[in-house]
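The values are calculated or read from the model by the stated rules, or taken from the named source; none is laboratory data. Bear in mind the structure is a predicted one, so any value in this text is a computation, not a measurement. Backbone-built Cβ (ideal geometry, glycine too); neighbour counts: all protein chains shown. Quick note on the areas: whole protein, heavy atoms, side chains included, nothing else; ligands and nucleic acids left out. Shrake-Rupley method; radii C 1.70, N 1.55, O 1.52, S 1.80 Å.
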Amino acid sequence: MLPKNLQNKLDKRVQENAFRQLGTLNHLIDFSSNDYLGFSKSEAIFKETHLYVTEHKLLENGSTGSRLLTGNHKLYNVVEQQISTFHNSETALIFNSGYNANLGFFSSVPQRNDIIVFDELCHASIRDGIKMSNAKAYKFNHNDLEDLECHLERSREVLAKESNIYIVTESVFSMDGDFPNLEELSRLTKTYNAHLIVDEAHAIGVFGNCGKGLISKLNLEASVFARIITFGKALGTHGAAILCHQDLKEYLVNFSRPFIYTTALPPHNLATIQSAYNALNTQEFQLKKLRHNITFFKTEIARLKLQHHFIESNSAIHCCVVSGNKKAKHIAQELQHNGFDVKAILSPTVPKGKERLRFCIHSFNTEKEISEVLHLLTTFAL
């Protein structure tokens with residue numbers, strides 16, 4: 001029997017139409033996955049990966065242990081070098097997931113008497129990592145750099161000697177699809193002698209030359225203390241990395257518990273990451289098609305006069321705000337019944353009153369599919 005206080009929490013979720021359940025894979029037209037470039041189903045990437053592990057005799061099913069014990073197989077150094085070169089970073093450290101990377105960074109790097117100032121809409125993995133830190137943490141209003149500077153002023157006044165300020169944001173926010181003024185953030189970082197950390201999970205494969213991300217597009221690599229990138233979005237595989245200087249990498253290897261105490265990724269996973277990066281370098285047409293579809297989606301929103309329902313976004317994520325869990329779930333189900341996989345994002349994942357339908361745009365979506373799903377939205381939602 002589940003303890004009564006836990007059962008009460010579950011019952012409350014049901015009452016609020018916020019009860020989460022595991023679904024099953026479907027064959028609907030995809031407007032919900034993070035597979036922006038279709039790499040997760042790429043036969044070319046699959047075949048290249050298989051050929052590589054076969055030719056290099058990397059036919060192990062697992063890594064056998066953590067990277068500090070028996071799991072640091074030779075592909076790690078190869079792929080970390082590939083990643084750091086691609087993203088113009090001194091080095092990279094691979095983690096098992098984006099969640100692990102954020103937990104690993106924020107639980108170990110900011111120290112007692114340090115101060116973390118983070119955007120209020122930062123991902124749950126960032127917030128969970130910050131909770132595990134001994135540093136003081138303050139959130140600033142979403143993308144509000146005036147509010148951020150107020151926090152920085154107060155932080156500088158109380159900052160202990162030899163302590164640090166960490167500014168944390170995302171280059172593309174996962175629930176709104178918008179992005180901050182990264183150039184101004186870079187300026188503030190220098191003004192207040194702070195360290196800037198940027199999660200680029202939803203920018204990689206979407207922005208910049210060959211999908212290198214927004215930091216690269218804006219030539220801000222030197223201004224960022226650490227970039228968190230993930231491979232489970234546009235790269236279509238699994239894992240993550242922290243892009244940083246060599247000394248920070250060495251620190252993380254020594255003190256980041258989610259890195260130290262977990263079984264390493266197997267060779268096949270690393271080979272898939274390698275193949276996906278090769279595809280980014282050679283399949284520019286996929287990136288161009290994705291960007292075309294994003295523009296077309298926005299054009300159709302305007303044509304159907306839906307702008308005031310959508311959060312402004314130039315990324316692959318577009319959200320139609322539909323207040324109330326019940327209403328958001330109902331419209332999502334109607335769209336699904338008509339063949340389109342659109343998911344409702346409910347409170348408490350987003351604030352009450354800000355529930356939404358989240359549309360993810362892909363290179364493989366057609367203009368006809370985009371027009372049809374938005375036309376259906378006007379039928380059911382408005």
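Examine segment 158-174 for a residue that is among the basic types (Lys, Arg), surrounded by fewer than 18 Cβ atoms within 10 Å (Cβ to Cβ) and either within 25 Å of residue 347 (Cβ to Cβ) or modelled with pLDDT under 95 (or both), and state whether such a residue exists.
The answer is yes; a qualifying residue exists.
Can you pull out every residue in segment 180-208 that is more than 29 Å from residue 269 (Cβ to Cβ) and either outside any helix (DSSP H, G or I) or of a type in the set (Lys, Arg) (or both)?
Within segment 180-208, 180, 181, 187, 190, 192, 193, 194, 195, 196 meet the criteria.
Six or more apart or on different chains, Cβ under 9 Å: which pairs go from a residue in segment 208-229 that's charged (D, E, K, R) to one that's part of a helix (DSSP H, G or I) and surrounded by fewer than 18 Cβ atoms within 10 Å (Cβ to Cβ)? Could you list them?
The qualifying pairs are 217/209; 227/221.
Any idea which of (1) assigned to a helix (DSSP H, G or I); (2) touching a residue at least 12 places away in the same chain (Cβ under 8 Å); (3) out of contact with any helix residue (DSSP H, G or I) (no Cβ under 6 Å at 6 or more places or on another chain); (4) open to solvent by 50 Å² or more (accessible area, probe 1.4 Å) is the one residue 268 doesn't satisfy?
It is condition (3) that residue 268 fails.
Are any residues in segment 284-329 more than 25 Å from residue 19 (Cα to Cα), in contact with a Leu (Cβ under 9 Å, 6 or more places away or on another chain) and among the aliphatic types (A, V, I, L, M), and if so, which ones?
Correct list: 287, 290, 301, 304, 306, 316.
Considering 57, 4, which residue is on the phi > 0 side of the Ramachandran plot and surrounded by fewer than 10 Cβ atoms within 10 Å (Cβ to Cβ)? Steps first, please.
Working: 4 fails: on the phi > 0 side of the Ramachandran plot.
Result of the check over 57, 4: 57.
Only residues that are open to solvent by less than 10 Å² (accessible area, probe 1.4 Å), under 18 Å from residue 289 (Cα atoms) and outside any helix (DSSP H, G or I): list them for segment 209-251, please.
Hits for segment 209-251 are 213, 234, 235.
Got at least one residue in segment 280-287 being touching a residue at least 24 places away in the same chain (Cβ under 8 Å) and surrounded by 23 or more Cβ atoms within 10 Å (Cβ to Cβ)?
no
Could you tell me which numbered condition residue 204 fails, if it satisfies all but one of (1) β-branched (Val, Ile, Thr); (2) surrounded by fewer than 24 Cβ atoms within 10 Å (Cβ to Cβ); (3) more than 29 Å from residue 112 (Cα to Cα)?
Going through the list (1) β-branched (Val, Ile, Thr); (2) surrounded by fewer than 24 Cβ atoms within 10 Å (Cβ to Cβ); (3) more than 29 Å from residue 112 (Cα to Cα), residue 204 breaks only (2).
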